[in-house]
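Colleague: Questions regarding the structure given below will be posed in turn.
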Amino acid sequence: MTSPARATRAPARATTGVLTGPASAPERPFSPLVRGRRLAALIVKEARQIVRDPSSILIAFVLPLILLFLFGYGVSLDATRTRIGIVLESPSPSSRELAAAFQASPYFDARVGTDRRAFEEPLVQGAIGGIVVVPVTFDRDLRIRSKAPELQVIVDGSDPNTAALVQGYVQGVIAIWAGLRSVEAGREGGEAGGQERFWFNPARTSRFFLVPGSVAIVMALVGTLLTALVVAREWERGTIEALMATPVTRVELLAGKIVPYYLLGLASMALCTIVSVYLFDVPFRGSAFALFAISSAFLLPALGQGLLISAGTKNQFLASQLALLSSFLPTFVLSGFIFEIGSMPPVIQAICQIVPARWLIPSLQTVFLAGDLWPMFLKNIGVMVLYGLVFLALALRTTGKRLA
């Protein structure tokens, strides 16, 4: 029989054996392996949050398609089928030929009359965009080789851009008609002139540079607006305290937020590119590598700006408003997308230089319409990466204050 003393010591000996036996070395909390696992867990967690949140899917994939349709079909800077009036003060075969040239032009919807007063009221009301007056002396000037026929062009100056386009198209129709008439008459020489050639966009279709510019607006919205909500959402839902209690570092937290939205931004850009090329017939003459390099460089400042806004606010509504004011409006107005930067005052031009989209839109238009121009791309990529590093450093510093 076993003595009571040995019976009471046996469990203690067994317990001691378990505590002193061989055991695997614990992983250090800041080892590269543990850091990688934590970062992967944060990325997976944020990716699942994106999938579960319908608003993220709408902003990343539905809103870009709506914007592309608006800029592809709804917005046009082309003066196509502009209604004008042709006044023949002295109808003749030559003046009728010129009027027929206007009617055959794809840029005009021309109506012919003999009295300019019949078109004055429609011009005032905005029903027509201009009046072309063929004077009584038109045929006489044609017979005199040393004197070019003079026509009066009256345009609606309330819209200066459209007025300039109409005037230019009118002069183009007249020049083409005069050239064909000279060829038919067998005349050689004549007045010296130049031959116009339009590179990259021969048809001068505004959609070809509006649609690539809209891709920049899409990436600005996806990159800045969505990331502006991530940390603010953590504060509103009360999950930020759980992140504070974990050994997650600031760098890991920001990286876990950035990587999913970076991939989401690239996916949105790829969708916009496919729709632009195959639906709107926008030419794509560059390489996919250049497009992804340019887009990746722009996503750095966009994501950094969104995280900076998100770290500085605890309210999703306020973060979204700040994101729209600081990213969408500058991208739309101060990037050269619609308004030419060279025609702005010098102070505004200087402000445009700090807008990241100002360096993105020329690169996108070049890679779509002209091809790969790496000296230009590398310069613009370098500027965008520099802005991205500044925004990410500020976001890291601001996030550190919140998690301290």
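Colleague: Looking for something farther than 18 Å from SER363 by Cα, assigned by TED's automatic domain parsing to the domain that holds ILE361 and buried (at least 24 other Cβ atoms within 10 Å of the Cβ) - is there at least one such residue anywhere in the stretch 281-303?
Modeller: yes
Colleague: Quick test for you: out of ILE66, ILE43, pick the one residue that is more than 25 Å from THR239 (Cα to Cα) and modelled with pLDDT of 85 or more.
Modeller: Of ILE66, ILE43, the one residue that is more than 25 Å from THR239 (Cα to Cα) and modelled with pLDDT of 85 or more is ILE66.
Colleague: Here's another thing I want to ask about it. What single numbered condition from (1) under 23 Å from VAL211 (Cα atoms); (2) outside any loop (DSSP other than H, G, I, E, B); (3) touching a residue at least 40 places away in the same chain (Cβ under 8 Å); (4) of a type outside the set (A, V, I, L, M) fails to hold for THR399?
Modeller: (1)
Colleague: With within 27 Å of ASN201 (Cα to Cα) and of a type outside the set (Asp, Glu) as the only criterion, which of PRO160, PRO149 stands out?
Modeller: Among PRO160, PRO149, only PRO160 is within 27 Å of ASN201 (Cα to Cα) and of a type outside the set (Asp, Glu).
Conditions tested, residue by residue: (1) of a type in the set (Gly, Ala, Ser); (2) surrounded by 24 or more Cβ atoms within 10 Å (Cβ to Cβ); (3) in contact with a helix residue (DSSP H, G or I) (Cβ under 8 Å, 6 or more places away or on another chain).
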{"position": "GLY336", "(1), (2), (3)": "yes, no, yes"}
{"position": "PRO345", "(1), (2), (3)": "no, no, no"}
{"position": "PRO356", "(1), (2), (3)": "no, yes, yes"}
{"position": "ASN380", "(1), (2), (3)": "no, no, yes"}
{"position": "LEU386", "(1), (2), (3)": "no, no, no"}
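Colleague: Sticking with this structure for a sec: Within the stretch 368-404, how many residues are within 19 Å of THR273 (Cα to Cα) and either in contact with a Pro (Cβ under 8 Å, 6 or more places away or on another chain) or not hydrophobic (A, V, I, L, M, F, W, C) (or both)?
Modeller: Count: 4.
Colleague: Another question, if that's okay. In the set LEU318, LEU308, which member is more than 26 Å from VAL385 (Cβ to Cβ) and either out of contact with any His (no Cβ under 7 Å at 6 or more places or on another chain) or not assigned by TED's automatic domain parsing to the domain that holds VAL230 (or both)?
Modeller: LEU318
Colleague: Can you pull out every residue in the stretch 167-188 that is modelled with pLDDT of 80 or more and either out of contact with any Asp or Glu (no Cβ under 8 Å at 6 or more places or on another chain) or closer than 22 Å to ALA118 by Cβ (or both)?
Modeller: Of the residues in the stretch 167-188, the ones modelled with pLDDT of 80 or more are 167-177, 180.
Selection gives GLN167, GLY168, TYR169, VAL170, GLN171, GLY172, VAL173, ILE174, ALA175, ILE176, LEU180.
Colleague: Among the residues of the stretch 30-72 satisfying the criterion of being in contact with an Asp or Glu (Cβ under 6 Å, 6 or more places away or on another chain) and buried (at least 18 other Cβ atoms within 10 Å of the Cβ), which is farthest from THR246 (Cα to Cα)?
Modeller: Filtering the stretch 30-72 down to residues in contact with an Asp or Glu (Cβ under 6 Å, 6 or more places away or on another chain) leaves 34, 38-39.
Retained after the next criterion (residues that are buried (at least 18 other Cβ atoms within 10 Å of the Cβ)): 38-39.
Details: ARG38: 10, LEU39: 12 Å.
Applying the filter and picking the extreme gives LEU39.
Colleague: Please specify each residue of the stretch 269-280 satisfying the condition of being surrounded by fewer than 20 Cβ atoms within 10 Å (Cβ to Cβ), in contact (Cβ under 8 Å) with a residue 40 or more places away in the chain and in a helix (DSSP H, G or I).
Modeller: LEU271, VAL275, listed by residue number.
Colleague: Among ILE338, ILE309, which is the only one that is of a type in the set (A, V, I, L, M, F, W, C) and in a helix (DSSP H, G or I)?
Modeller: The conditions single out ILE309.
Colleague: So which residues in the stretch 96-125 are under 16 Å from LEU151 (Cα atoms) and in contact (Cβ under 8 Å) with a residue 60 or more places away in the chain, if there are any at all?
Modeller: GLU97, LEU98, ALA101, PHE102
Colleague: Considering only the stretch 245-268, state which residues are exposed (fewer than 13 other Cβ atoms within 10 Å of the Cβ) and in a helix (DSSP H, G or I).
Modeller: Once the filter is applied, which keeps residues that are exposed (fewer than 13 other Cβ atoms within 10 Å of the Cβ) and in a helix (DSSP H, G or I), the stretch 245-268 yields only ALA245.
The values are calculated or read from the model by the stated rules, or taken from the named source; none is laboratory data. Because the structure is a prediction, the values reported are computed rather than measured. Using ideal geometry, Cβ is built from the backbone for each residue, glycine included, and neighbour counts are taken over all protein chains shown.
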